[in-house]
Amino acid sequence: MSTKNKLLRFAENLSLPNVFENYSFSDPVLYKSLHDKVDFKGRWNELYFKNDFPITLELACGGGEYSLGLSALFPQKNLIGVDIKGARIWRGAKKAFEENNTRIAFVRTKIELIHHFFEKNEISEIWITFPDPFLKHSKSTKRLTSPFYLSLYKNILKHDAIVHLKTDDTNLYQFTLEVIHEDPDFILLESNEDIYRTDLIYPELELKTYYELKHLEQGKRIKYIRFQYKA
Ligand SMILES: C[S@@+](CC[C@H](N)C(=O)[O-])C[C@H]1O[C@@H](n2cnc3c(N)ncnc32)[C@H](O)[C@@H]1O
């Protein structure tokens, strides 16, 4: 995409009512527009969604395909897509806005900052959809299922919250199984190395993201892990 198109999308993000952003580590406060700060931490349902539905986060949401799909499948869930790439978020945010879907929001930020924007016990479920696998061992702490990130999620998850990972990457899949095994606060509920070879027991697994479609075209196997926060 051209730089001009990206800049147009960044500008439009700030005018969409369902996009909030901040990726500053020194001033981690969400903004609605260039100058309007919002503080929804612990009060997303009261101040933004205006309902009592449980909140699901889609981390590394890209264009938000899972947020949109889950929202359609589960009318009694609120969805928040999180990603740092504004031009990708724009696709999902624009679609949700055009569909008048007020149960979806997007936060453009670094996932490392999420504990500034959500309160302990505020999040019922997390989907991590096709995150970058960061294959080099030296970069393993950047994987969104590394102990560092799981410790961040613990700051916002409810007891019994479910975390899902969908990936095409065998290393990330194995790595995540090991991390969960080592962490007494999480229990593994399910793992599947090739979900489309088996009968899918969860209809939401049929949803496909932009990257997932590309992986499937290349004949890759899609892997899935479901685990639960028990602390
Ligand atoms: C491979 S893409 C997957 C996008 C989408 N889930 C899909 O499957 O089409 C990975 C996404 O993770 C986002 N991402 C990676 N690390 C991140 C971080 N630390 N904070 C926010 N976004 C991150 C990238 O911006 C990118 O959009």
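The values are calculated or read from the model by the stated rules, or taken from the named source; none is laboratory data. Predicted model only: the values in this text are computed from it and were never measured. Cβ placement follows ideal geometry from the backbone for every residue including glycine, while neighbour counts extend to all protein chains displayed. Areas reflect the complete protein model, heavy atoms only, side chains present, ligands, DNA and RNA absent. Shrake-Rupley method; radii C 1.70, N 1.55, O 1.52, S 1.80 Å.
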| task | Classify the range 55-118 as rounded, prolate or oblate from the Cα gyration tensor: take a ≥ b ≥ c as the square roots of its eigenvalues, call it rounded if a/c is under 1.5, otherwise prolate when a/b beats b/c and oblate if not. | result | oblate
| remark: Simple spin-label estimate for HIS181/GLU204, 7 Å along Cα→Cβ, in nm, reads 2.6
| request: Give the cross-link partners of LYS41 among the aspartates and glutamates, using a straight C-alpha distance below 16 Å as the criterion and excluding same-chain residues fewer than 8 apart. | output: GLU21, ASP27, ASP52, GLU112, GLU119, GLU122
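Would you rank ASP39, ASP160 by solvent-accessible area, highest first, keeping every protein chain in place and using a 1.4 Å probe?
My answer, sorted largest first, is ASP39, ASP160.
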| request: Find the accessible area per residue for the chain; the probe is 1.4 Å, ligands and nucleic acids are left out, and the unit is Å². | output: 49
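On a full-extension model of 0.36 nm per residue, what is the gain between ASN5 and LYS50, subtracting their alpha-carbon distance, rounded to one decimal in nm? Numbers along the way, then the final one.
Values: separation 45, 0.36 × 45 = 16.20 nm, distance 3.32 nm.
My answer for the length gained is 12.9 nm.
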| Once you sort the root eigenvalues of the Cα gyration tensor of the range 25-168 as a ≥ b ≥ c, which label holds: rounded (a/c under 1.5), prolate (a/b larger than b/c) or oblate (the other case)? | rounded
| message | Run lengths n ≥ 4 of DSSP H only: what is the helix-derived mean residue ellipticity at 222 nm for the chain, with -39500 (n - 2.57) per run over all residues, to the nearest 500? | response | -8500 deg cm²/dmol
| query | Given LYS50/LYS94; LYS50/LYS139; LYS37/LYS136; LYS110/LYS136, which pairs have Cα atoms separated by over 32 Å? | reply | LYS50/LYS139; LYS37/LYS136
| query | How many percent of DSSP beta bridges within the chain run antiparallel, rounded to 5? | reply | 40
| request: Arrange the residues ASP83, ASP27 by how much accessible surface each exposes, largest first, with a 1.4 angstrom probe. | output: ASP27, ASP83
| remark: Filtered hits (lysines, Cα-Cα < 19 Å from LYS166, offset >= 8 within chain) -> LYS142, LYS208, LYS214, LYS220, LYS223
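With the full set of protein chains in place, find how many percent of the accessible area of the chain is carbon and sulfur; take the probe as 1.4 Å. Intermediate results must be reported in sequence, preceding the final value.
Details: 5940 of 11430 Å².
Summing carbon and sulfur atoms, their accessible area is 52 percent of the total for the chain.
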